[in-house]
1. Just want the answer: with Cβ charges of +1 for Lys and Arg and -1 for Asp and Glu, which residue in 62, 85, 9 is farthest toward the dipole's positive end in the chain?
2. What dipole magnitude, in Debye to the nearest 20, does the stretch 1-71 give about its Cα centre under +1 on Lys/Arg Cβ and -1 on Asp/Glu Cβ?
3. At 0.36 nm per residue, minus the direct Cα-Cα distance, what do residue 86 and residue 6 gain on full extension? Give it in nm, one decimal, please.
4. Can you give me the angle between helix 3-41 and the longest principal axis of the chain, using Cα atoms only, in degrees from 0 to 90, rounded to the nearest 10?
5. By how many degrees, between 0 and 90 and to the nearest 10, does the Cα long axis of helix 49-94 differ from the longest principal axis of the chain?
6. Note down the net charge around residue 82, summing +1 for each Lys or Arg and -1 for each Asp or Glu among other residues with Cβ under 10 Å from its Cβ.
7. Rounded to the nearest 0.05, what FRET efficiency is calculated for residue 43 and residue 69 with R0 set to 30 Å and r the Cβ-Cβ distance?
8. At q = 0.16, 0.19, 0.20 Å⁻¹, what is the log10 ratio I(q)/I(0) for the chain, with the Debye formula run over Cα points and no solvent?
Amino acid sequence: MNPFEEKLHALKVAYKADKAIAWEEYRAKSAELKNQLAIVSGIKGVPTLHCVIATIKEQQRMLKADRDRKLSKFGRTYHFMRKETLAEMETFYQGGAI
């Protein structure tokens, strides 16, 4: 592989690793929130629990939004760096540096 292909490959591997970490964090936190929701939902007769349940559901929505924001950021960064690397490669080969 030439240096440009190596750089593109490294970018892709880093992107996939970041994406996997974001998903793993989301799954862990989501499971914890679902567990909390199950515990609270099992309790009957306390009127303030509706507020607690609403808060947990809002935390779940915020968690999904955070995950989507991270994935979008990683994707934009990856595609920008990939485009820059391809432009460098094109300039390198058109400049007669072969």
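What follows is calculated from the coordinates using simple rules that are stated; it is not laboratory data. The shown structure was predicted, so the numbers you read here are calculated from the model rather than taken from an experiment. We place every Cβ from the backbone using ideal geometry, glycine too, and count neighbours over all the protein chains shown.
1. Checking the options against the dipole of the chain, the answer is 62.
2. About 240 debye.
3. Additional length available on full extension: 27.6 nm.
4. 0
5. Between the helix axis and the principal axis of the chain, the angle is about 0 degrees.
6. Result for the neighbourhood of residue 82: +2.
7. Efficiency for this residue pair is about 0.35.
8. Results for the chain at q = 0.16, 0.19, 0.20 Å⁻¹ read -0.77, -0.91, -0.95.
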